[in-house]
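Engineer: Below is the structure I would like to discuss, written out as structure tokens.
The values are calculated or read from the model by the stated rules, or taken from the named source; none is laboratory data. Keep in mind that this is a model prediction, so the values were computed, not measured. FYI the Cβ positions are ideal-geometry reconstructions off the backbone, even for glycines, and counts take in every protein chain you see.
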Amino acid sequence: MNQSTPARDVLRGTCRWLARLGVSPLAEVTLSGGRRADILGIDAAGRITLVEIKVSLGDLRGDQKWTTYLDHCERYFWAVPPGFPTSDLETQAYRPHETGLLIADRFDAEILRDAPWRPLNAARRKAITLAFARRAAQRWLASVDPEALAAEIE
């Protein structure tokens, strides 16, 4: 992962928080259309949570694609490090009525604003869940046998 230390810390703390809630997180998951979610998680009921990490105002303000992520999850959170100025995330441009807000460090995350659940249609949920499972399995295989995926490509 080519992330800065603050982004890695937010990722780690957010994943710990999700896992404690019974959500299995996976980082950097490619979605339909080639977009990549910072964290995608699935709980035991099959509900999908997406978390977008922001560590700078420039990154937040320059992200014009984030709204497309709402079609790939049933709950959406922003995750930012301690001290991050969150006033932008309270404006209508960032849909505070549709998105949650987490403050995260390397050890944990805390909810500043909970995210509402919005159901996905069954076909979309199935497609996202299958892509998530395949990605997780490929990562596991690469960790135990890095040559296996190369052989699959040939």
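Engineer: Would you check if there is a residue in the stretch 75-97 being surrounded by 15 or more Cβ atoms within 10 Å (Cβ to Cβ), in contact with a Phe, Trp or Tyr (Cβ under 6 Å, 6 or more places away or on another chain) and not small (Gly, Ala, Ser)?
Structural biologist: Within the stretch 75-97 (the criterion being surrounded by 15 or more Cβ atoms within 10 Å (Cβ to Cβ), in contact with a Phe, Trp or Tyr (Cβ under 6 Å, 6 or more places away or on another chain) and not small (Gly, Ala, Ser)), the answer is yes, since at least one residue qualifies.
Engineer: So, in the stretch 46-60, exactly how many residues are without any contact (Cβ under 8 Å) to a residue 12 or more places away in the chain, more than 17 Å from TYR76 (Cβ to Cβ) and not hydroxyl-bearing (Ser, Thr, Tyr)?
Structural biologist: Residues flagged as without any contact (Cβ under 8 Å) to a residue 12 or more places away in the chain, more than 17 Å from TYR76 (Cβ to Cβ) and not hydroxyl-bearing (Ser, Thr, Tyr) within the stretch 46-60 amount to 1.
Engineer: Quick check, is PHE132 touching a residue at least 12 places away in the same chain (Cβ under 8 Å) and assigned to a helix (DSSP H, G or I)?
Structural biologist: In short, yes.
Engineer: While we're here: Looking only at residues that are of a type in the set (A, V, I, L, M, F, W, C) and not in a strand (DSSP E or B) in the stretch 18-41, which one is modelled with the lowest pLDDT?
Structural biologist: By that ranking, first place goes to LEU31.
Engineer: Go through the stretch 65-91 and give me each residue that's under 14 Å from ALA37 (Cα atoms) and in a loop (DSSP other than H, G, I, E, B).
Structural biologist: LYS65, CYS73, GLU74
Engineer: Test TYR69 against the stated conditions and say whether it is surrounded by 14 or more Cβ atoms within 10 Å (Cβ to Cβ), under 13 Å from ARG47 (Cα atoms) and in contact with a strand residue (DSSP E or B) (Cβ under 6 Å, 6 or more places away or on another chain).
Structural biologist: For TYR69, the condition - surrounded by 14 or more Cβ atoms within 10 Å (Cβ to Cβ), under 13 Å from ARG47 (Cα atoms) and in contact with a strand residue (DSSP E or B) (Cβ under 6 Å, 6 or more places away or on another chain) - is not met.
Engineer: Which ones in the stretch 66-88 are closer than 21 Å to ARG8 by Cα and in contact (Cβ under 8 Å) with a residue 12 or more places away in the chain?
Structural biologist: Residues satisfying the conditions are TRP66, TYR69, TYR76, PHE77, TRP78, ALA79, VAL80, PRO81, PRO82, PHE84, PRO85, THR86.
Engineer: Pairs needed: first member in the stretch 96-108, free of Cβ contacts under 8 Å to residues at least 60 places away in the same chain; second member anywhere, hydroxyl-bearing (Ser, Thr, Tyr); C-beta distance under 7 Å; at least 6 residues apart or different chains.
Structural biologist: Listed by first residue and then by second, the contacts come to GLU98/TYR76; THR99/TYR76; GLY100/TYR76; LEU101/THR86.
Engineer: I'd like the full set of residues that are farther than 25 Å from ALA127 by Cα and aromatic (Phe, Trp, Tyr), limited to the stretch 45-95.
Structural biologist: PHE84, TYR94
Engineer: Here's something else I'd like to know. Looking at ASP108, ASP63, which one is in contact with a Phe, Trp or Tyr (Cβ under 7 Å, 6 or more places away or on another chain), acidic (Asp, Glu) and under 20 Å from ALA7 (Cβ atoms)?
Structural biologist: None of the other options fit; the residue is ASP108.
Engineer: Related question: Starting from residues that are among the polar types (S, T, N, Q) and either closer than 17 Å to CYS15 by Cβ or under 17 Å from the mean Cα position of the chain (by Cα) (or both), keep the ones in the stretch 98-154 and report whichever is modelled with the lowest pLDDT.
Structural biologist: This residue is SER143.
Engineer: Does ILE42 satisfy the criteria of being in contact (Cβ under 8 Å) with a residue 60 or more places away in the chain and aliphatic (A, V, I, L, M)?
Structural biologist: When the stated conditions are applied, ILE42 passes them.
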